[in-house]
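*Asks:* Take a look at the following structure, please.
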Amino acid sequence: MKRINSAIFSIAVLFTMSFAVFAQESETKVVDEVVAQVNEGVITLSRIKREMKSLSDTYVQEGKTREEADKLVEGKQGELIASLINEELLVQKAKESGLEPEIEADLNRRFLEIMKQQNIKTLDALYQEMEKGGFNAQEIREVWRKQTTRDLVLQREVSSKIYWSLSSKEMKDYYEKNKAKFSKPETVALSEIFLSFAGNDKAAVREKAKQLAAQLKAGANFEKLVIENSDRPNVAESKGKVGTFNVKELDEKFAAAVKNMKAGGITEPIEIDELGMEILRVDERSAASSETFFDENAVRMALTMERAPAEQKKYLADLRQDSYIKISDTYRPIVAPILFADERKTEKAGK
């Protein structure tokens with residue numbers, strides 16, 4: 001059985017750090033210090049220290065020394081505690097709104113996708129492979145739970161309401177002022193052969209990718225080589241097709257590889273961090289056009305994305321206002337100015 005590629009999990013963990021880690025404490029130890037009470041939940045000092053350690057580890061992985069990382073995290077302690085309080089409120093809102101079954105379903109879907117990608121048949125076998133790679137399955141699950149909880153609550157309580165509240169006039173006016181956003185972009189339809197580093201010698205994988213690219217450029221049958229070599233699931237059905245993409249939204253590595261490449265073109269092997277090697281074929285290319293057209297869904301989405309950040313701040317401020325939040329005297333001076341910054345701006349504006 002293939003070893004799970006550690007990058008799959010480390011990338012997921014690093015990605016979710018940008019949202020600030022959150023979760024309810026299941027129990028509070030008597031010896032622990034309560035830094036903040038949030039309705040019926042608490043934020044403990046031990047929890048804060050764990051999150052500070054995780055954030056420091058992230059900075060070290062990005063190239064900073066441990067001393068630099070610890071100093072940087074120490075300076076962000078107030079911001080971290082404020083984020084934990086906000087996220088605790090979102091966890092409580094998810095429970096109140098009955099979103100937990102949907103959250104669990106999303107977590108299960110993520111693990112099933114990894115099982116398919118790695119050709120692992122059971123969840124227990126997946127967990128075993130994760131442990132071999134130095135990862136705790138339950139810790140990974142909790143990180144994803146935090147991300148999914150935040151996203152679902154804000155989608156339901158903020159983004160969805162913005163999307164459906166927009167009037168025809170608002171959308172028409174926005175379209176007229178921003179027509180350039182709704183012109184036809186340059187697109188490419190792509191197929192791939194993916195060779196995974198997981199459980200394999202990287203040098204051998206790189207060499208195999210080089211040989212496959214050479215065969216394809218010499219006229220070898222792409223679909224045949226996909227089925228025989230690609231490590232993606234269901235390649236017999238997909239034949240390696242991955243879809244059509246807006247060129248401007250492609251990852252920089254892929255965009256550079258297919259730049260100006262005509263239909264039928266084959267890229268050189270592209271190394272994807274620690275995951276593996278990718279060979280792309282351009283199946284179809286569609287040029288950009290200056291012609292614009294009104295697409296109601298596209299306009300709704302653009303307006304929603306534009307308004308969401310401010311509305312999310314307002315929503316969190318309303319949650320705080322309707323909640324019981326008590327911060328210990330020791331930490332209040334570094335937390336309150338950050339946590340209640342939006343409320344104070346509103347107060348000043350109303351004077």
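*Asks:* By its C-alpha gyration tensor, with a ≥ b ≥ c as the square roots of the eigenvalues, how is the chain shaped: rounded for a/c under 1.5, else prolate for a/b larger than b/c, else oblate?
*Replies:* Oblate, because a/c is 1.5 or more while a/b does not exceed b/c.
*Asks:* Could you work out how far the C-alpha centroid of the stretch 163-234 sits from that of the stretch 256-272, in angstrom?
*Replies:* Computed from Cα coordinates, the inter-centre distance equals 10 Å.
*Asks:* Round to the nearest 10 and give me the degree value, 0 to 90, for the angle of helix 341-350's Cα axis relative to the longest principal axis of the chain.
*Replies:* The helix 341-350 is inclined about 70 degrees to the chain.
*Asks:* Ok, one more. By how many nm would the segment from Lys132 to Asn221 lengthen if fully extended, with 0.36 nm per residue of separation less the alpha-carbon distance?
*Replies:* Here the answer is 28.3 nm.
*Asks:* Let me ask something additional. What residues have an amide H closer than 5 Å to that of Lys241, excluding those fewer than 5 places away on the same chain, when H is modeled at 1.01 Å from N in the peptide plane?
*Replies:* Amide H neighbours of Lys241, under 5 Å, 5+ apart: Glu192.
*Asks:* Right, next: At R0 = 41 Å, how high is the FRET efficiency between Glu268 and Glu79 if r is their beta carbon distance? Nearest 0.05 is fine. Intermediate values should be presented prior to the final figure.
*Replies:* Working: r = 43 Å, r/R0 = 1.05.
That pair, Glu268 with Glu79, gives E of 0.45.
*Asks:* Sort 117-123, 190-196 by the packing proxy (mean of other Cβ within 10 Å over each peptide's residues), most packed first.
*Replies:* Answer by packing, highest mean first, reads 190-196, 117-123.
*Asks:* So for each of 41-54, 285-298, 329-342, 146-159 I average, over its residues, the number of other beta carbons within 10 Å; can you give me the resulting order with the highest mean first?
*Replies:* Result, highest mean Cβ count within 10 Å first: 146-159, 41-54, 329-342, 285-298.
*Asks:* Related question: Put a dot 7 Å past each Cα toward the Cβ at Asp295 and Glu104; how far apart are the dots in nm?
*Replies:* The modelled label-to-label distance comes out at 3.8 nm.
*Asks:* With +1 assigned to the C-beta of every Lys and Arg and -1 to the C-beta of every Asp and Glu, and no other charges, what is the dipole magnitude of the stretch 185-286 about the Cα centre in debye, to the nearest 20?
*Replies:* Charge dipole of the stretch 185-286: 380 debye, to the nearest 20.
*Asks:* Could you give me the radius of gyration and the Dmax of the stretch 185-286, taking only the C-alpha atoms into account and expressing both in angstrom?
*Replies:* 12.9, 40
*Asks:* If each residue of separation counts as 0.36 nm, what is the full-extension length gain between Glu68 and Asn39 once their alpha-carbon separation is subtracted?
*Replies:* My answer for the length gained is 6.9 nm.
*Asks:* May I ask for the angle, rounded to the nearest 10°, between helix 202-217 and the longest principal axis of the chain, with both axes built from Cα atoms and the value confined to 0 to 90°?
*Replies:* For helix 202-217, the angle is close to 50 degrees.
*Asks:* Quote the relative contact order of the chain in percent (integer), defining contacts as alpha-carbon pairs under 8 Å separated by 6+ residues. Present the calculation step by step, with values, prior to reporting the outcome.
*Replies:* Working: 415 pairs, mean separation 85.2, N = 351.
Across the chain, relative contact order equals 24 percent.
*Asks:* What full-extension length gain, to one decimal in nm, is calculated for Lys241 and Ser160 as 0.36 nm per residue of separation minus the Cα-Cα distance? It would help to have the intermediate numbers written out before the result.
*Replies:* On the way: separation 81, 0.36 × 81 = 29.16 nm, distance 3.17 nm.
Separation in residues times 0.36 nm, less the Cα-Cα distance, equals 26.0 nm.
*Asks:* So, one more: Taking K and R as +1 and D and E as -1, what net charge do the other residues with C-beta under 15 Å from the C-beta of Ala288 add up to? Display every interim value, and only then the final one.
*Replies:* Details: positive: Lys179, Lys181, Lys184, Lys248, Lys259, Arg285; negative: Glu186, Glu249, Glu284, Glu291.
Within the 15 Å Cβ shell, the charges total +2.
*Asks:* Just going by the charge dipole of the chain, with Lys and Arg at +1 and Asp and Glu at -1 on Cβ, which of Asn221, Ala180, Ser238 is farthest out on the positive end?
*Replies:* Ala180
Only the coordinates and a few stated rules stand behind these numbers; no lab work does. All of these numbers come straight from a predicted model, not from anything done at the bench. Note that we place each Cβ from the backbone using ideal geometry, even for glycine, and neighbour counts take in every protein chain shown.
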